[in-house]
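Working notes, structure below.
The values are calculated or read from the model by the stated rules, or taken from the named source; none is laboratory data. Since this is a predicted model, take the numbers as computed values, not measurements. Here Cβ is always computed from backbone atoms with ideal geometry, including for glycine, and neighbour counts include all displayed protein chains. Surface areas here come from the heavy atoms of the whole protein model, side chains and all, with no ligands, DNA or RNA. Shrake-Rupley method; radii C 1.70, N 1.55, O 1.52, S 1.80 Å.
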Amino acid sequence: MSPVHYRFDNGLARITMTRGDQGNPINQVWNSAMLEALRRARHDKARVVLLSATGRFFCVGGDLTVMSRSERLADTLDDIADSLHRVVSEIQRSDAIVVCSVQGAAAGAGFPLAAAADLVLAARSATFTLGYSKVGLSIDGGSSLLVRTLGLHRTLQLALLNERLTANEACALGLVTEVTGDAELPAAAERIAQKLLAGPAHAQAATKSLIRETAAGDAESALRREAVALRRQATLPEATEGTTAFVAKRPPRFHVVSHG
């Protein structure tokens, strides 16, 4: 079964991550399926894209099981990051308004994936955490997005200390549009989607483009810098120790690999 399901109806493209039993991890199969779904939405001239996920978690980020088994971690991460950046760019450049609904954890690359959307709804169970340094990796997936939304120092705090934002905290910081009960999340996302569909399509697309361009700075260059840094980090012992420790469910011993 594909990790991403696509359905289009009357201007609304529904893109659903389907591997909720695994936490909807990001790997090359996921990237290919997500990019295909977003391109189908563009081909179908979708006015609104509703991005959601099955299971307890929205997205746990990169597939660390795949990474820990890779004999060439730098190449594996390079491939995953490059494809993920195309997904993020497709979301940002799309004429469609992208509405994302988040339940449970949006972790690792799942955090900037959610932040890439135009409107983000969160269940009260939702949490947002980067966690890259926890597994010996540098940030990826759109750190420039988070800096513009959350501010420089809050983004550094989240990236370096691996702290979690609750749904309410994310809403107060401007990342999340609305917080709902978990059971009410699908209906709230549907309500927002239908409200957008009832609005002026061309004006909405133009407004999105103008605001995105104003906020962007040099987002494409930022994504390229992330990819270069991530590849370099993947060649260091920290990354091997971090990913291996995560899969083994033990604390990483970075001080040993960093200085030993």
- [ ] Pairs only if they're at least six apart or on different chains, beta carbon under 6 angstrom, first in the stretch 145-159 and without any contact (Cβ under 8 Å) to a residue 60 or more places away in the chain and more than 21 Å from THR214 (Cβ to Cβ), second open to solvent by 80 Å² or more (accessible area, probe 1.4 Å) and not β-branched (Val, Ile, Thr); list them, first residue then second.
- [x] none
Open item on the list: If I filter the stretch 79-87 for residues that are β-branched (Val, Ile, Thr), outside any strand (DSSP E or B) and open to solvent by 20 Å² or more (accessible area, probe 1.4 Å), do I get at least one hit?
Closed with: no
Open item on the list: Consider the stretch 26-75. How many of its residues are out of contact with any strand residue (DSSP E or B) (no Cβ under 6 Å at 6 or more places or on another chain), open to solvent by 30 Å² or more (accessible area, probe 1.4 Å) and more than 30 Å from GLY181 (Cβ to Cβ)?
Closed with: 16
Open item on the list: I'd like the full set of residues that are in a helix (DSSP H, G or I), in contact with a helix residue (DSSP H, G or I) (Cβ under 9 Å, 6 or more places away or on another chain) and open to solvent by less than 20 Å² (accessible area, probe 1.4 Å), limited to the stretch 88-113.
Closed with: VAL88, SER89, ILE91, PHE111, PRO112, LEU113
Open item on the list: Can you pull out every residue in the stretch 33-70 that is modelled with pLDDT of 95 or more and assigned to a strand (DSSP E or B)?
Closed with: VAL48, VAL49, LEU50, LEU51, SER52, ALA53, CYS59
Task: Filter result (open to solvent by 20 Å² or more (accessible area, probe 1.4 Å) and assigned to a strand (DSSP E or B)) within the stretch 114-149 - done: LEU119, THR127, THR129
